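Student: Here you go, one structure.
The values are calculated or read from the model by the stated rules, or taken from the named source; none is laboratory data. All values reported here derive from a predicted model rather than from experimental measurement. All Cβ positions, glycine included, derive from the backbone under ideal geometry; neighbour counts span all protein chains shown.
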Amino acid sequence: MGWDLFCRVIDNYGDIGFCWRLSRQLTTEYGLAVRLWVDDLASLQRICPSVDPHQTFQQRCGVQINHWTDPFPDIIPADVVIEAYGCELPEKYIQAMLPNHSRGRQPVWINLEYLSAESWVEEYHGLCSPHPRLPLTKYFFFPGFTVNTGGLLREKNLLTQRDSVQHNAANWWLQNDLPIPDETEIVISLFCYDTAPISNLLEAWTHSQTPIRCVIPEGQALTLLRNGLNRSALKAGDVIQQDKLTVQIIPFLPQAQYDQLLWLCDCNFVRGEDSFVRAQWAGRPFVWQIYPQADNVHHVKLEAFLNRYLQSLTKESAQAFRAFHHGWNGRERLDWNHFWQHHAIFHQHALTWSSQLAVIPDLTFNLVEFCKRQ
């Protein structure tokens, strides 16, 4: 069975990050032939360095990677067509999906939606929608946090790998040419948009009672750091010491290495969708900067997740977690010290949460089974 997966890059790494993970899992775990159509190969190269952004067609990790260009080439559609995040397929491709004498039926056409914890997702997951003009049907597939949704991306051995890396943490730091953190340090990873209120955070970390090591992959956060630390330039390899705060700038990491960084940090600041999900599999406290949307719709989505995630926490701990997320997403003032007072509770909760999610069938399994039934 062949699959075509279409992705337009909007959130730099969130959308292509998700699509690249999905493509690889379909290939490696299910033996499926996958063509990934992406309009921004440079963004894909950041998370898969072997990708050549100037090559129209190439194969990496068993996935056929095709540059999505306009005009779109004449091709035969695959058996399953994934339209990631409502990216809208090329009209020429849609016409080619029509049943004809050589193809008795249309491909299974999936609109793979954004992740949301909102309650309505369960109701709409799996529903079909007829094309307004053509005899074609599209199905809506919603990732989510319950058995009545599509679930979350999770490779078969992910949690086993996580536990192994955490057990041998020192090896990972050495293999990546990074200093092994001191046992007294709070180790934090920071991945954020350029709208994050980082100045207040840096000030709190600088005057922290406990030493803090903040590991930051190259990206949008460096612009904020230059202003917050009053530096004219920052690059991978730089180490900045400011009272109790040590900032370690590292290269932008491929996905597997970034996952491992999340597994080893005491707290992970993540953004968008892909790193947000991976932070939950890390089983460590995290802070999520949601992708901003018009009319502040993202605040509703953030609240829906917080309501679900915090259900089993005490009122005081839940309030601290919620307040800090509101602050990090621009709704109120940040209070790091109040948030981190509950870190032991947050750590145990994160482990419990990841174990609960792991009981739910993963997204790729659910997607493959759904397509088989159509």
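Student: Could you check the stretch 60-76 and list, in sequence order, the residues that are aliphatic (A, V, I, L, M), assigned to a loop (DSSP other than H, G, I, E, B) and under 17 Å from Val38 (Cβ atoms)?
Tutor: Step one: filter the stretch 60-76 for residues aliphatic (A, V, I, L, M), giving 63, 65, 75-76.
Cutting the leftovers down to assigned to a loop (DSSP other than H, G, I, E, B) gives us 75-76.
Ile75, the sole residue that qualifies.
Student: Only residues that are touching an Asp or Glu at 6+ places or on another chain (Cβ under 7 Å) and not aliphatic (A, V, I, L, M): list them for the stretch 298-323, please. Show your work before the answer.
Tutor: Step one: filter the stretch 298-323 for residues touching an Asp or Glu at 6+ places or on another chain (Cβ under 7 Å), giving 301, 304, 323.
Listed by number, the list holds a single entry, Lys301.
Student: Could you list, in sequence order, the residues of the stretch 228-237 that are modelled with pLDDT of 85 or more and either within 15 Å of Thr206 (Cα to Cα) or not in a loop (DSSP other than H, G, I, E, B) (or both)? Show your work before the answer.
Tutor: Within the stretch 228-237, the first condition is being modelled with pLDDT of 85 or more, and the residues that meet it are 229, 231, 233-237.
Passing the criteria: only Leu229.
Student: Any chance you could count how many residues in the stretch 77-93 are hydrophobic (A, V, I, L, M, F, W, C), assigned to a loop (DSSP other than H, G, I, E, B) and under 21 Å from the mean Cα position of the chain (by Cα)?
Tutor: Residues of the stretch 77-93 hydrophobic (A, V, I, L, M, F, W, C): 78, 80-82, 84, 87, 89.
Filter once more, so that each one left must be assigned to a loop (DSSP other than H, G, I, E, B): 78, 87, 89.
Then drop every residue that is not under 21 Å from the mean Cα position of the chain (by Cα), which leaves 87.
The total comes to 1.
Student: On to the next question. Out of everything in the stretch 107-140 that is in contact with a Cys (Cβ under 9 Å, 6 or more places away or on another chain) and in contact (Cβ under 8 Å) with a residue 60 or more places away in the chain, what residue ends up being farthest from Ile290 (Cα to Cα)?
Tutor: Once the filter is applied, the top-ranked residue is Val108.
Student: In this structure, is Thr149 under 25 Å from Tyr309 (Cβ atoms), among the hydroxyl-bearing types (Ser, Thr, Tyr) and modelled with pLDDT of 95 or more?
Tutor: On the way: under 25 Å from Tyr309 (Cβ atoms): yes; among the hydroxyl-bearing types (Ser, Thr, Tyr): yes; modelled with pLDDT of 95 or more: yes.
Answer is yes for this residue.
Student: I've got another one for you. Restricting attention to the stretch 308-319, report how many residues are within 24 Å of the chain's Cα centre (by Cα) and either free of Cβ contacts under 8 Å to residues at least 24 places away in the same chain or not assigned by the TED database to the domain that holds Gly283 (or both).
Tutor: Total meeting the criteria: 3.
Student: Now a separate question. Going through the stretch 229-263 one residue at a time, which ones are over 28 Å from Ile16 (Cβ atoms) and not acidic (Asp, Glu)?
Tutor: Initial filter on the stretch 229-263 (over 28 Å from Ile16 (Cβ atoms)): 229-232, 239-246.
Residues satisfying the conditions are Leu229, Asn230, Arg231, Ser232, Val239, Ile240, Gln241, Gln242, Lys244, Leu245, Thr246.
Student: Output the qualifying pairs, or none if there are none: Cβ atoms under 8 angstrom, residues six or more apart or on different chains, first residue in the stretch 22-47 and free of Cβ contacts under 8 Å to residues at least 60 places away in the same chain, second residue of a type in the set (Lys, Arg) and outside any strand (DSSP E or B).
Tutor: Close Cβ pairs satisfying both conditions: Val38/Arg8; Asp39/Arg8; Asp40/Arg8.
Student: If you scan the stretch 86-135, which residues turn out to be polar (S, T, N, Q) and under 23 Å from Trp37 (Cβ atoms)?
Tutor: Of the residues in the stretch 86-135, the ones polar (S, T, N, Q) are 95, 100, 102, 106, 111, 116, 119, 129.
Within the stretch 86-135, Gln95, Asn100, Ser102, Gln106, Asn111, Ser129 meet the criteria.
Student: Can you confirm whether Cys61 is out of contact with any strand residue (DSSP E or B) (no Cβ under 9 Å at 6 or more places or on another chain) and either at pLDDT 95 or above or crowded, with 20+ Cβ neighbours inside 10 Å (or both)? Lay out the reasoning, then the answer.
Tutor: Details: out of contact with any strand residue (DSSP E or B) (no Cβ under 9 Å at 6 or more places or on another chain): yes; either at pLDDT 95 or above or crowded, with 20+ Cβ neighbours inside 10 Å (or both): yes.
So Cys61 fits the description; yes.
Student: Within the stretch 244-283, count every residue that is of a type in the set (Gly, Ala, Ser) and part of a loop (DSSP other than H, G, I, E, B). Can you show your working first?
Tutor: Step one: list which residues in the stretch 244-283 are of a type in the set (Gly, Ala, Ser), which gives 256, 272, 275, 279, 282-283.
Then drop every residue that is not part of a loop (DSSP other than H, G, I, E, B), which leaves 272, 283.
The qualifying residues number 2.
Student: Would you call Gln209 assigned to a loop (DSSP other than H, G, I, E, B) and not hydrophobic (A, V, I, L, M, F, W, C)?
Tutor: Details: assigned to a loop (DSSP other than H, G, I, E, B): yes; not hydrophobic (A, V, I, L, M, F, W, C): yes.
Criteria met by Gln209.
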